[in-house]
1. Count charges around Tyr99 for me, please; just the other residues with Cβ under 14 Å from its Cβ, Lys/Arg as +1, Asp/Glu as -1.
2. For the range 80-176, what does the relative contact order come out to in percent, with C-alpha contacts under 8 Å and a separation of six or more?
3. Mind pulling up the Rg/Rh value for the range 80-176? Radius of gyration and Kirkwood radius, both on Cα.
4. Hey, can you grab everything whose amide H is under 5 Å from the amide H of His165? Only 5+ residues off in sequence or another chain; H modelled, so Pro and N-termini drop out.
5. Any idea what the relative contact order of the range 88-141 is, in percent, if you count C-alpha pairs under 8 Å spaced at least 6 apart?
6. In whole Hz, with x marking every Gly and Pro, tabulate ³J(HN,Hα) for the range 152-164 from phi via Karplus 6.51 cos²θ - 1.76 cosθ + 1.60, θ = phi - 60°.
7. Just to confirm a number: summing +1 for Lys and Arg and -1 for Asp and Glu over residues other than Val152 whose beta-carbon lies under 14 angstrom from that of Val152, what do you get?
8. Once you've got the Cα coordinates, tell me which of Lys75/Lys175; Lys75/Lys176; Lys109/Lys175; Lys44/Lys175; Lys46/Lys175 are over 28 Å apart.
Amino acid sequence: MAFSMRHAATAAALAVIVGSGVAALADGGSPGGPSMMNDVPYAKVKAMLAHGDMKATIQMAMKKGAFLMGGMPTKSAGSKSVALTGEIVDANCYSANGYHGHNHALCAKVCILQGSPLTFLTSDGTSYTVVSAADAVPIAPAVYDIIGNTGVHVEGYVNERGGVHALTITSIDGKKLSSNMM
């Protein structure tokens with residue numbers, strides 16, 4: 001299941017930047033080496049990705065000794081397969097005010113567009129941070145379409161680390177999501 005070249009380039013560019021920190025450990029953090037890339041401001045990284053400058057970003061990172069790790073699956077050996085019923089909410093409005101459901105769907109979509117994390121809230125009140133199937137790969141678009149719908153049945157897997165429950169959704173109401181990593 002292929003994904004677009006833009007997603008591939010974005011994943012590669014993000015992975016180069018993220019991978020730079022790991023490469024810095026390997027070279028001892030030499031001056032001008034990969035560790036310097038960890039100091040790249042967020043706005044610059046965003047601009048590099050937004051303006052299609054992925055090739056230059058990758059070349060710069062490779063000159064600094066960084067390596068690619070894009071598309072690394074987020075599923076680990078400790079992942080648990082799950083089937084859950086609930087709804088997608090935005091973390092800001094839900095955690096601050098308890099807002100969710102159809103009457104809050106438009107607000108939730110606006111908040112998510114502005115950077116609020118996606119949260120899957122189960123019918124028993126358990127919440128899961130929604131993550132993609134692989135690092136630097138977008139969450140499947142169908143996940144955004146169900147924001148505010150209650151009683152949605154999802155299947156996927158959960159990773160737990162440091163008290164955070166992360167959910168990767170692989171199907172919604174029995175329909176498998178298409179992604180390059182699923």
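Laboratory data are not the source of any read-out in this text; all were calculated from the coordinates shown. Since the structure is predicted, the reported quantities are computational estimates derived from the model, not experimental observations. Glycine also receives a Cβ, built like all others from the backbone with ideal geometry; neighbour counts cover every protein chain displayed.
1. So the surrounding residues net to -1.
2. 35 percent
3. 0.92
4. Residues meeting the criterion, in which the H sits 1.01 Å from N, are Thr129.
5. RCO, the range 88-141: 32 percent.
6. Values per residue, Gly and Pro as x: 7, 9, 10, 10, x, 9, 10, 10, 10, 8, x, x, 9 Hz.
7. Taking every Cβ under 14 Å from that of Val152, the sum is -3.
8. Lys44/Lys175; Lys46/Lys175
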